[in-house]
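**Q** My questions all concern the structure below.
Every number in this text was worked out from the coordinates using simple rules, so none of it is lab data. If you're wondering where the values come from, they're calculated on a predicted model, not measured in any experiment. A quick note on method: Cβ atoms are made from the backbone with ideal geometry, for glycine too, and the neighbour counts reach across all protein chains shown.
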Amino acid sequence: MAVAGALIDKTDEQKDITDMVRRFADEQILPNAEHFDHEDEFPEPIVEQMKELGLFGVTIPEEYGGMGLDLTTYAMIVEELSRGWISISGIVNTHFIGSYLLMKFGSDEQKEKYLPPMATGELRAAFSLSEPEMGSDVQALKASARKADEGHYELNGQKMWVTNGLMSGIVFVLVKTDPGAEPRHKGMTCFIAEKEPGVAENSGEYAGFTVPPKIRKLGYKGVESTELVFDGYRCPAENVLGGEEAGVGKGFGQMMDALEVGRVNVAARGVGIAQRALELALRYSQERKTFGKEIAQHQAVQFKLADMATQIEAARLMTMRAARLKDAGERSDLEAGMAKLFASEAGVKCVEDSFRIHGGYGYSKEYEIERLYRDAPLLLIGEGTSEIQRMVIGKKLLQRHKI
Ligand SMILES: Cc1cc2nc3c(=O)[nH]c(=O)nc-3n(C[C@H](O)[C@H](O)[C@H](O)COP(=O)(O)OP(=O)(O)OC[C@H]3O[C@@H](n4cnc5c(N)ncnc54)[C@H](O)[C@@H]3O)c2cc1C
């Protein structure tokens, strides 16, 4: 049951591609999500089909084998994938952030090397900021890299919560290269750390790069979240993002830039999951009867449906506005923060309202809303918590309106 969403202007190309992804979600993701979620199993068959559809190369330029589409279209696609299952958008998201980092900051050699296999999904990317003792306060990171010889850096330290940590072939990892730098962010560098996809204990040229067993989670299953342990991992100096000369000490700014587009992506996820929650609520509320009528006919339930649809429409408009500003080359930090804050909170709220409408059945694993209820809270955490978004929004507001 498709509802709403019609207020967003789409080009013919955007309409075609989002229709295609919606069909893919209806036919391939939704019927299989329950299995992969319950088993917490990587959805390999779905990922294989996504490769064929070109979904790993949506924003990668055509010259590197991608579709060359903009952030707005990407956000529309993410909404559709998340409507199916947010874990699927999670498999694409860190890859998208990695390709964004390469397209914006990578050297020509790095683009030539990584973007073509990334466009097909043959090579997939993860990105890694968080550590066991650090998430929001990125400048407090401890993992480090020191120059080992002319051609190599040696990486040491532990990373946490890396989505696609095991199945990825490259990880964009932020570490300290100058522990004494003031301000601290000037001493951070982003490395493109290569490894063997799916291998926990890397050896040979990737020795010293270990992926511990995946973290067991409330929801967002299927896509693995892992720690990463670097213990004397030798990374070629040419794998400093942007090249050694240009990239050393620039990692913090590069990652913060990428998080801005990541926030639009999480906002789109919030819209997608909220949209699905509404669809489920609309259906269930017209099937279930109490006190002699469909529960949808009780005003209290109708008000919930009305609030959900209103929040979804607002969240979608905010997400599209942030994406369009970024595509137009305008500042969108404030708007991306607002979209992420509003859409993720709306996602959680709509899922909870839909859960309430399902009554006791919402608590049963037989009903899809149970999965959404476990998946949605991640929206409040990834790419900066709601508190961090408020800090970003407040700071940007004051910068733009300084008296
Ligand atoms: C499933 C999952 C996948 C993830 N994937 C990735 C990934 O791929 N790569 C990656 O690098 N990270 C990833 N993360 C990590 C995520 O980005 C962090 O969890 C997030 O940034 C919050 O950091 P934290 O968990 O350390 O919380 P903390 O920073 O310890 O915060 C704890 C609480 O304090 C609040 N808080 C912190 N500072 C302030 C402040 N100044 N003012 C007010 N409140 C504050 C926070 O909002 C939060 O409520 C993932 C996390 C999860 C759960």
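**Q** What's the local net charge at V348, with K and R +1, D and E -1, over the other residues with C-beta under 12 Å away? Working shown, then result.
**A** Values: positive: R269, K349, R374; negative: E345, E352, D353, D375.
Around V348, the surrounding residues sum to -1.
**Q** Treating the beta-carbon of each Lys and Arg as +1 and of each Asp and Glu as -1, no other charges, what is the dipole magnitude of the chain about its Cα centre, to the nearest 20 debye?
**A** The dipole magnitude comes to about 1640 debye.
**Q** Mind giving me the FRET efficiency for D307 and A140? R0 is 30 Å, r the Cβ-Cβ distance, nearest 0.05 is fine.
**A** For D307 and A140, the calculated efficiency is 0.20.
**Q** Beta carbons within 10 angstrom, averaged per residue: use that to sort the peptides 94-103, 267-276, 21-30, 350-359, highest first.
**A** Packing proxy ranking, top to bottom: 267-276, 94-103, 350-359, 21-30.
**Q** On C-alpha positions alone, give me the angle between the axis of helix 299-327 and the longest principal axis of the chain, in degrees, nearest 10.
**A** For helix 299-327, the angle is close to 30 degrees.
**Q** Given springs between every Cα pair under 10 Å in a Gaussian network model of the chain, which of R283, R234, R374 has the largest fluctuation?
**A** Comparing R283, R234, R374 in a Gaussian network model of the chain, the most mobile one is R283.
**Q** For a quick check of your reading of the filter: which chymotrypsin sites (Phe, Trp or Tyr not before Pro) in segment 253-351 sit in a DSSP loop and have no more than 11 other Cβ atoms within 10 Å?
**A** Here the chymotrypsin sites (Phe, Trp or Tyr not before Pro) that fit, given the DSSP loop and packing criteria, are F291.
**Q** Contact order normalised by length for segment 12-120, with contacts defined as Cα pairs under 8 Å and 6 or more residues apart; what percent is it?
**A** Dividing the mean separation by the residue count of segment 12-120 yields 32 percent.
**Q** Then there's this: Quote the charge dipole size of segment 192-291 about the Cα centre in Debye, to the nearest 20; the model charges only the Cβ of Lys and Arg (+1) and of Asp and Glu (-1). Write out the running numbers ahead of the final one.
**A** On the way: 13 positive and 14 negative charges, 223 e Å.
The calculation lands at about 1060 debye.
**Q** Nearest 10 degrees, 0 to 90: what angle lies between the long axis of helix 71-84 and the longest principal axis of the chain (Cα atoms)?
**A** 60 degrees
**Q** What is the helix-to-structure angle for 12-24, meaning the angle in degrees between its Cα long axis and the longest Cα principal axis of the chain, kept from 0 to 90 and rounded to the nearest 10?
**A** Computed tilt is about 80 degrees.
**Q** In addition: For E196 and R216, what is the calculated FRET efficiency with R₀ set at 25 Å and r taken between the beta-carbons, to the nearest 0.05?
**A** Between E196 and R216 the formula returns 0.60.
**Q** Excluding V138 itself, what net charge comes from residues whose Cβ is under 10 Å from its Cβ, given Lys and Arg +1 and Asp and Glu -1?
**A** For residues surrounding V138, the net value is -1.
**Q** Which GluC sites (Glu not before Pro) does segment 109-178 hold that lie in a coil by DSSP with at most 14 other beta carbons within 10 Å?
**A** Answer in residue order: E122, E133, E150.
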